[in-house]
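Each remark here refers to the structure printed beneath this line.
Just so it is clear, none of the values below were taken in a lab; they were calculated from the coordinates. Nothing here was measured: the structure is a model prediction, and the numbers come from that model. Cβ atoms come from the backbone with ideal geometry, glycine included; neighbour counts cover every protein chain shown.
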Amino acid sequence: MTDAASPTSAEPPPVPPGVRAQILATEHWGLLASRSTSQAEVLTRIAIFLTLVSAALVSVSLLGQATKYSGPFAPSALGILGLLYVIGILTQVRVINVADEDMMFVIAMNRLRAAYVDIDPGVERYFFASAHDDEVGMQRTYSFLRPRGSTQVAGSSMVFIIVVNSAVLGMFVGGLIAALTGLYGLAIVVGAVLVVLSVVVWLMLGYRGYRRSLASYTPISPSAPES
C-alpha cells in the first residue's frame with residue numbers, strides 16, 4: 001500500500017497575488033459597469049418624467065384658455081394629472097430602487113477593496129474610499145472628507161422626485177375637490193396637506209427599505225469601533 005496522496009486529494013497550489021488581483025479587478029469593473037448602467041437608466045427616466053410634467057402643465061394651461069376653464073376642462077385636466085401621477089409613481093419607485101442598488105454596489109466594491117488590502121496592506125492608506133463593507137464604510141465611500149449630512153439626503157434625486165410627484169398628487173386631489181364641490185379654499189388646503197403627507201410617507205418608506213437592506217446583510221470586514 002502506497003502512502004502517496006492521490007491527485008484528487010492533493011491541495012491546489014496557492015493562487016499568485018497577481019492572479020487574485022486580476023480576478024478582483026474583473027469583478028470590480030463589472031460592478032462599476034452595472035452601477036453606471038443603473039444610474040444612466042434612472043437619470044433618463046427622471047428626465048422623461050420631468051419633460052412630461054412640463055408638457056402636462058402647458059397642456060392644461062392651453063386647454064384652460066381654449067375652453068375658458070369650463071365644459072371639458074375639468075375632466076381633461078384631471079385625466080392628464082392622474083396619468084402624470086401614475087407615471088410619476090413608476091418613476092419614483094424606480095429611483096428608490098436604484099438608490100438601494102447603488103448602496104449595494106458601493107458595499108460590494110468596499111468588500112473588494114478590502115481584498116486588495118489583504119493582498120497589499122500598504123495600499124490602504126492611499127484609498128479615499130473605504131475598505132470596510134459595513135454601513136460606516138459605505139458612508140465613508142459616499143463622502144470622503146466629511147460625514148454625510150442631511151443636505152446629501154435632501155438634495156438627492158429620490159427626494160426631488162418624491163417632492164415633484166407629491167405636488168402632482170396635491171394638484172390632482174385639489175382639482176378633483178374643486179371640480180366636485182366648488183370650494184376652492186378647501187381644495188387648496190387639502191391639496192397642500194396631501195403634498196406634505198405624501199412626502200413624509202414616501203421618505204419613511206425609503207428609509208425603511210434602506211434599513212431593511214442593511215439588516216439583511218452581514219459585513220466580513222467591518223470598520224474598527226470608535227474609541
Exercise. Scan around SER221 for amide H atoms under 5 Å from its own, H built in the peptide plane at 1.01 Å from N, and keep only partners 5 or more places away or cross-chain.
Key: ASP133
Quiz item: Can you sort VAL164, VAL123 by how many other beta carbons sit within 10 Å, fewest first?
Solution: VAL123, VAL164
Quiz item: Taking the Cα-to-Cβ direction at LEU205 and at LEU180 and moving 7 Å from each Cα, how far apart do the two end points lie in nm?
Solution: 2.2 nm
Exercise. Counting helices only, and only those DSSP H runs with n ≥ 4, report the 222 nm mean residue ellipticity of the chain as the sum of -39,500 (n - 2.57) divided by its residues, in deg cm²/dmol to the nearest 500.
Key: -26500 deg cm²/dmol
Quiz item: Calculated FRET efficiency, ASP102 and ILE188, Cβ-Cβ r, R0 41 Å, to nearest 0.05?
Solution: 0.65
Quiz item: Short version: ³J(HN,Hα) in whole Hz for each residue of segment 62-70, in order, from phi by Karplus 6.51 cos²θ - 1.76 cosθ + 1.60 (θ = phi - 60°), x for Gly and Pro, what are they?
Solution: 5, 5, x, 5, 6, 9, 6, 6, 9
Quiz item: How would you rank ILE87, ILE23, ILE162, going from fewest to most other Cβ atoms within 10 Å of each one's own Cβ?
Solution: ILE23, ILE87, ILE162
Quiz item: Using the Cβ atoms and a cut-off under 14 Å, what net charge is assigned to the surroundings of ASP100, where Lys and Arg are +1 and Asp and Glu are -1?
Solution: +2
Exercise. List, largest first, the extents of the alpha carbons of segment 17-215 along their principal axes, each in whole Å.
Key: 76, 26, 26
